[in-house]
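Peer 1: Got a structure for you, written out below as structure tokens; questions coming shortly.
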Amino acid sequence: MTIRDATVADCFAIAQLTTELGYPAAEDAILARLTRILGRVDQLVLVAIVQGQIAGWLQAYTTEVLESGFRAEITGLVVCKDRRRCGIGRALIQRAEQWALTQGAESVTVRSNTQRIESHSFYSALGFTAVKTQTVYRKLLKS
């Protein structure tokens, strides 16, 4: 397995994995997002390569939060269904934690949908502690 920074050439595989997780994503939308994200020092996008194929990806960013300080937050982590429980997610998280330390982050945060039961034990096994339950609200903006 190899973990590397994502490139725009990875947009098709990232879109496929994102869709597999239940968030349908068109390749052109992922390409546009990657184009905006890549190269920013406050953003990290990694891919895991297994046998020449992208088997997972992770996105994280850093932010300064008034009540909790400077932190990194993992906003997305997807591993191909056929490759789960093989250490890919763990390797992606470890690489993100290393990056967070180089950025000066005091902690790493990740949010996990309450319906994704298997991910809760995964994050706990990696040393993450559940700190709260919340409801997420979204409002679409019209341009």
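Peer 1: When you scan segment 7-17, do you find a residue that is modelled with pLDDT of 95 or more, under 17 Å from Ile93 (Cα atoms) and not in a helix (DSSP H, G or I), even just one?
Peer 2: No: segment 7-17 contains no residue that is modelled with pLDDT of 95 or more, under 17 Å from Ile93 (Cα atoms) and not in a helix (DSSP H, G or I).
Peer 1: What pairs can you find where one residue is in segment 1-28 and crowded, with 18+ Cβ neighbours inside 10 Å and among the basic types (Lys, Arg), the other is at pLDDT 90 or above and part of a helix (DSSP H, G or I), and their Cβ atoms are less than 7 Å apart, with a gap of 6+ or different chains?
Peer 2: Final answer for the pair search is none.
Peer 1: Just name the residue that is farthest from Ala13 (Cα to Cα) out of those in segment 52-101 that are of a type in the set (D, E, K, R) and not in a helix (DSSP H, G or I). Give the steps one after another, and end with the answer.
Peer 2: Applying the first criterion (of a type in the set (D, E, K, R)) to segment 52-101 yields 64, 67, 71, 73, 81-85, 90, 95, 97.
Filter again for not in a helix (DSSP H, G or I), leaving 64, 67, 71, 73, 84-85.
Details: Glu64: 31, Glu67: 37, Arg71: 28, Glu73: 23, Arg84: 16, Arg85: 20 Å.
Here the answer is Glu67.
Peer 1: Okay, next question. Looking only at residues that are in contact with a Phe, Trp or Tyr (Cβ under 6 Å, 6 or more places away or on another chain) and of a type outside the set (Asp, Glu) in segment 29-52, which one is surrounded by the most Cβ atoms within 10 Å (Cβ to Cβ)?
Peer 2: Pass one, segment 29-52, residues in contact with a Phe, Trp or Tyr (Cβ under 6 Å, 6 or more places away or on another chain): 42-44, 47.
Applying the additional criterion that residues be of a type outside the set (Asp, Glu) yields 43-44, 47.
Values: Gln43: 15, Leu44: 23, Val47: 21.
Out of the qualifying residues, it is Leu44.
Residue-wise test of (1) under 19 Å from Arg95 (Cβ atoms); (2) touching a strand residue (DSSP E or B) at 6+ places or on another chain (Cβ under 6 Å); (3) at pLDDT below 95; (4) not aromatic (Phe, Trp, Tyr).
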{"site": "Tyr23", "(1), (2), (3), (4)": "no, no, yes, no"}
{"site": "Thr35", "(1), (2), (3), (4)": "no, no, no, yes"}
{"site": "Ile49", "(1), (2), (3), (4)": "yes, yes, no, yes"}
{"site": "Gly56", "(1), (2), (3), (4)": "yes, yes, no, yes"}
{"site": "Tyr61", "(1), (2), (3), (4)": "yes, yes, no, no"}
{"site": "Gly69", "(1), (2), (3), (4)": "no, no, yes, yes"}
{"site": "Val79", "(1), (2), (3), (4)": "yes, yes, yes, yes"}
{"site": "Arg83", "(1), (2), (3), (4)": "yes, yes, yes, yes"}
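Peer 1: Please verify whether segment 72-83 includes one or more residues that are surrounded by 15 or more Cβ atoms within 10 Å (Cβ to Cβ) and over 13 Å from the mean Cα position of the chain (by Cα).
Peer 2: Yes, segment 72-83 contains at least one residue that is surrounded by 15 or more Cβ atoms within 10 Å (Cβ to Cβ) and over 13 Å from the mean Cα position of the chain (by Cα).
Peer 1: Separate question: Tell me, yes or no, whether segment 60-67 has at least one residue that is among the small types (Gly, Ala, Ser) and free of Cβ contacts under 8 Å to residues at least 24 places away in the same chain.
Peer 2: Of segment 60-67, the ones among the small types (Gly, Ala, Ser) are 60.
From the residues that got through so far, the ones that are free of Cβ contacts under 8 Å to residues at least 24 places away in the same chain too are none.
Among the residues of segment 60-67, not one is among the small types (Gly, Ala, Ser) and free of Cβ contacts under 8 Å to residues at least 24 places away in the same chain, which makes the answer no.
Peer 1: Cβ contacts < 8 Å: first residue within 22 Å of Ser107 (Cα to Cα), restricted to segment 121-143; second residue charged (D, E, K, R) and not in a loop (DSSP other than H, G, I, E, B), any location; separation 6+ or different chain. Result?
Peer 2: Listed by first residue and then by second, the contacts come to Leu126/Arg90.
Peer 1: Just the residues that are within 25 Å of Val41 (Cβ to Cβ), part of a helix (DSSP H, G or I) and touching a Ser or Thr at 6+ places or on another chain (Cβ under 9 Å), please, taken from segment 102-135.
Peer 2: Gln103
Peer 1: Give me the pairs, please: first residue somewhere in segment 93-115 and closer than 8 Å to Arg71 by Cα, second residue anywhere and among the basic types (Lys, Arg) and buried (at least 16 other Cβ atoms within 10 Å of the Cβ), beta-carbon distance under 8 Å, and either six or more positions apart or on two chains.
Peer 2: Within 8 Å, the pairs are Ala100/Arg71; Ala105/Arg71; Glu106/Arg71; Ser107/Arg71; Val108/Arg71; Thr109/Arg71.
The values are calculated or read from the model by the stated rules, or taken from the named source; none is laboratory data. Since the structure is predicted, the reported quantities are computational estimates derived from the model, not experimental observations. Positions of Cβ are backbone-derived with ideal geometry, glycine not excepted, and every protein chain shown enters the neighbour counts.
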